[in-house]
Amino acid sequence: MDPQRKIIHIDMDCFYAAIEVRDDPSLEGKPVGVGGSSGRGVLTTANYVARKFGCHSAMPVFMAKHLCPEIILTPIRFDVYREESRKICAIFSRYTELIEPLSLDEAYLDLSHRSESGAALAQEIRMRISEEIGLTASAGIAPNKMIAKVASDWNKPDGQLEVRPDEVDSFMRGLRVGKLHGVGKRGRESLMKIGVTTCGDLQKFNKFELADRFGKWGVELYERCRGNDKRPVSNDRTRKSLSKEHTFSQNIRDFDWLVDVMRKVLAEVRDSVEAKVDQEIKSRVVKLKFEDFTQTTAEKAGTELDEDAYLDLLKLAWNRGEGKAVRLLGLGVRLAIDKEQQELL
């Protein structure tokens, strides 16, 4: 673990819903959901008042209304969200040039060059966002990206957690494996079968045992459960692909619901392409993972992020499942790399 790295993960609190409440004070204290005005639509997000009733992103609207009959639905305003995200990124740039946006509402910052403590910097950045933008953010501070992202979720909303280099081992030993990226419900169930509920439990297995049980995923788990992550914070825009994924809390058997979620994920892809990509798009991609963990990828050449193209790919991938329910939907793009860039990769 490099003790010199000072990584902050900033995550805005219920970003879209918080903007709607900020812009319409009459919504303060009320349950608010963004998107999905029709009965067959899905929520893009929900504020913390609505979340207390069990409402969450990608939930069908009819289910949200059943859980919270008083929920107020507001239309999606991506132009507004993009502009607010731009303002927040401008605040980040006062502190570092190493900014890696993950989406409109979260980003990694590398502040290793700063003499101030990571906690003090995170507190100051969050204060600037609150004063200048009128929104709250949470932060995780750690020696690497993985732990910083986990920590940013610890004291939400409007809080932060710092994991210092000498605290990493104890922090990871007590961390529940479900907090690790890529470990969903089925993953937790598989790990529980071998007596694993925390990263400390997982650390008792060597790399070969985990690889034998879980393949490549097992090797990744071996590193993650120890808090190992050498990835740099990078604002390098030369990349080969970009994608967004959504794992469902319950397997989806209704194609129309899947289409609604596709629209939400496509909006996230568009936002990320606009924020992070200056290369030409080579093709569009849809990935489905089914209930039995098999998966398929459908791809089509083209440069436009139009809904019809992704819908055609979704139908193709769905038909390959032969009636199996879907547990994960991913949308993305493959990017064109010119000859000079290829030689550098």
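The values are calculated or read from the model by the stated rules, or taken from the named source; none is laboratory data. It should be emphasised that the depicted structure is a prediction, and the values quoted were computed from it without experimental measurement. Cβ placement follows ideal geometry from the backbone for every residue including glycine, while neighbour counts extend to all protein chains displayed.
Cβ-Cβ distances below 8 Å connect no pair with a first residue in segment 17-30 that is touching a residue at least 12 places away in the same chain (Cβ under 8 Å) and outside the structural domain of Ser57 (by TED's automatic domain parsing), a second residue that is acidic (Asp, Glu) and surrounded by 15 or more Cβ atoms within 10 Å (Cβ to Cβ), and a separation of six or more residues or different chains.
If only residues of segment 180-218 that are surrounded by 14 or more Cβ atoms within 10 Å (Cβ to Cβ) and among the aromatic types (Phe, Trp, Tyr) are counted, the one that is nearest to the chain's Cα centre (by Cα) is Trp217. The residues of segment 113-142 that are over 20 Å from the mean Cα position of the chain (by Cα), surrounded by 17 or more Cβ atoms within 10 Å (Cβ to Cβ) and farther than 22 Å from Ala18 by Cα, listed by number, are Gly118, Leu121. Filtering segment 244-252 for residues that are over 18 Å from the mean Cα position of the chain (by Cα) and charged (D, E, K, R) leaves an empty set. In segment 16-39 there is at least one residue that is more than 30 Å from Asn235 (Cα to Cα), in contact with a strand residue (DSSP E or B) (Cβ under 9 Å, 6 or more places away or on another chain) and part of a helix (DSSP H, G or I). Here the condition is being touching a Cys at 6+ places or on another chain (Cβ under 7 Å), surrounded by 16 or more Cβ atoms within 10 Å (Cβ to Cβ) and within 28 Å of Ile8 (Cβ to Cβ); of Val233, Val168, Val177, it holds for Val177 alone.
Filtering segment 59-103 down to residues that are part of a loop (DSSP other than H, G, I, E, B) and among the basic types (Lys, Arg), which residue is farthest from Pro31 (Cα to Cα)? So, considering only residues that are part of a loop (DSSP other than H, G, I, E, B) and among the basic types (Lys, Arg), the one farthest from Pro31 (Cα to Cα) is Arg94. Scanning segment 40-51 for residues that are modelled with pLDDT of 95 or more and either in a loop (DSSP other than H, G, I, E, B) or closer than 18 Å to Val269 by Cβ (or both) returns a single hit, Asn47. In summary, Asp254 fulfils each of the numbered conditions (1) modelled with pLDDT of 90 or more; (2) in contact with a strand residue (DSSP E or B) (Cβ under 7 Å, 6 or more places away or on another chain) with the single exception of condition (2).
What tally of residues in segment 111-125 results from selecting those that are out of contact with any Ser or Thr (no Cβ under 8 Å at 6 or more places or on another chain), in a loop (DSSP other than H, G, I, E, B) and of a type outside the set (D, E, K, R)? So the count comes out to 3. Considering only segment 300-309, I want to know if a residue exists there that is under 18 Å from Thr247 (Cα atoms), modelled with pLDDT of 90 or more and of a type outside the set (Lys, Arg). No - not one qualifying residue is present in segment 300-309.
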